[in-house]
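The values are calculated or read from the model by the stated rules, or taken from the named source; none is laboratory data. No experiment lies behind these values; they were computed from the predicted model shown. FYI the Cβ positions are ideal-geometry reconstructions off the backbone, even for glycines, and counts take in every protein chain you see. Areas reflect the complete protein model, heavy atoms only, side chains present, ligands, DNA and RNA absent. Shrake-Rupley method; radii C 1.70, N 1.55, O 1.52, S 1.80 Å.
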Amino acid sequence: MFDGRHSRGRRRVLLICVAACVGSFVGGMSRAARGEDASAPDPAAPLRIHVIAAGEYDPMTSLPEFKKHLEAHYRVTCTISLGDKGTPSRLDDLDELKSADLLLLFARRMKLSEEQMAIVRAHWEAGKPIVGLRTACHAFQAKDNAVIDREVFGGNYGGGPSGSGPLAVASDEAARHPVLAGVEPFRSATYIYGNGPLAEGVVLLQVCESKDRKLPATWVHEFRGGRMFYSATGALDDFQNESFRRMLTNAIFWTSHRDPEMMKKPAG
């Protein structure tokens, strides 16, 4: 025999569902009322980062350690695909990139299968942010490097002249950029690549002052509506430099439209 308990149970489930829908709607309305795009990612939500590390300059050591730093201090979830110092043709766990908000890329001349390259291309074609270090401008085979270097990052890597001088802020505009907030001038532990003319729309942040030349070292660019960051720095010892770590952290949150202060975990 049925009694009122079944009816009350059904009503309770229905009320919970309605409340959840209303809450989601009101949340969107409140963000819209603040002038935010209600369809955009919530800037207070945890950030999903996927890391690709392979090749020279020991990113397989530095990036896992930096991943631990991010997870310890910020509301992020990090997945990672590690290669080796050779020429990886496959990366484990690359499917994690499909659901990531941001790609942190430090790899050199990999030869991934078409299946895996399609996953990486889908990320940048969707305008999702990429933070690239050092060899990221030539992380893949030639045809994809031409795209990620020239179009995505807005660079012009040619391997040509290089310099090892200190890094300096490129301009007054760059000094006010959020990526350089709290970043002091520093010298990279490795030389800076030579780059030809950068793409239109690039904002140059740092230059390498070497002899009588100023080589582009760090910049930001937009591709398909997404923010991209590239720096020719990233030697193993650079990760011990507080200004470098601060710049990299700022870049991760700026490209993903997040405030680093809001993303910090509560102390203790």
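Of everything in region 85-97, what is open to solvent by less than 70 Å² (accessible area, probe 1.4 Å) and out of contact with any strand residue (DSSP E or B) (no Cβ under 8 Å at 6 or more places or on another chain)? Give them in sequence order. Steps first, answer last, please.
Applying the first criterion (open to solvent by less than 70 Å² (accessible area, probe 1.4 Å)) to region 85-97 yields 86, 88, 91, 94, 97.
If the condition is that a residue be open to solvent by less than 70 Å² (accessible area, probe 1.4 Å) and out of contact with any strand residue (DSSP E or B) (no Cβ under 8 Å at 6 or more places or on another chain), then GLY86, PRO88 are the ones that fit.
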Restricting region 157-167 to residues that are hydroxyl-bearing (Ser, Thr, Tyr) and assigned to a loop (DSSP other than H, G, I, E, B), the one farthest from ARG246 (Cα to Cα) turns out to be SER162
Being surrounded by fewer than 15 Cβ atoms within 10 Å (Cβ to Cβ) and either touching an Asp or Glu at 6+ places or on another chain (Cβ under 7 Å) or free of Cβ contacts under 8 Å to residues at least 40 places away in the same chain (or both) is the filter here; which residues of region 243-268 pass it?
GLU261, PRO266, ALA267, GLY268
Among the residues of region 205-240, which ones are closer than 16 Å to LEU103 by Cβ and β-branched (Val, Ile, Thr)?
VAL220
Could you please give the count of residues in region 96-119 that are without any contact (Cβ under 8 Å) to a residue 60 or more places away in the chain and either among the hydroxyl-bearing types (Ser, Thr, Tyr) or in contact with a helix residue (DSSP H, G or I) (Cβ under 7 Å, 6 or more places away or on another chain) (or both)?
12
Segments classed as helices (runs of 4 or more DSSP H), wholly inside region 168-268, with at least 3 members that are hydroxyl-bearing (Ser, Thr, Tyr) and either at pLDDT 95 or above or out of contact with any Ser or Thr (no Cβ under 7 Å at 6 or more places or on another chain) (or both):
242-255
Could you tell me whether GLY154 is touching a Phe, Trp or Tyr at 6+ places or on another chain (Cβ under 9 Å) and at pLDDT below 95?
no
Pairs where the first residue, in region 63-80, is at pLDDT 95 or above and the second is assigned to a helix (DSSP H, G or I) and of a type in the set (A, V, I, L, M), C-beta under 6 Å, 6+ apart:
TYR74/MET263; ARG75/MET263; VAL76/LEU70
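For region 108-156, what are the residues that are of a type in the set (A, V, I, L, M, F, W, C), part of a loop (DSSP other than H, G, I, E, B) and buried (at least 22 other Cβ atoms within 10 Å of the Cβ)?
MET110, LEU112, ALA139, PHE140
For the structure I just gave you, tell me whether ALA100 is closer than 21 Å to ALA232 by Cα and either surrounded by 15 or more Cβ atoms within 10 Å (Cβ to Cβ) or at pLDDT below 95 (or both).
no
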Could you tell me whether any residue of region 71-84 is open to solvent by 40 Å² or more (accessible area, probe 1.4 Å) and over 26 Å from TRP254 (Cβ atoms)?
yes
Within region 95-112, the count of residues that are aliphatic (A, V, I, L, M) and over 20 Å from LEU70 (Cα atoms) comes to 2
Would you confirm, using the coordinates I've provided, whether ARG176 is on the phi > 0 side of the Ramachandran plot and either of a type in the set (D, E, K, R) or out of contact with any Leu (no Cβ under 7 Å at 6 or more places or on another chain) (or both)?
no
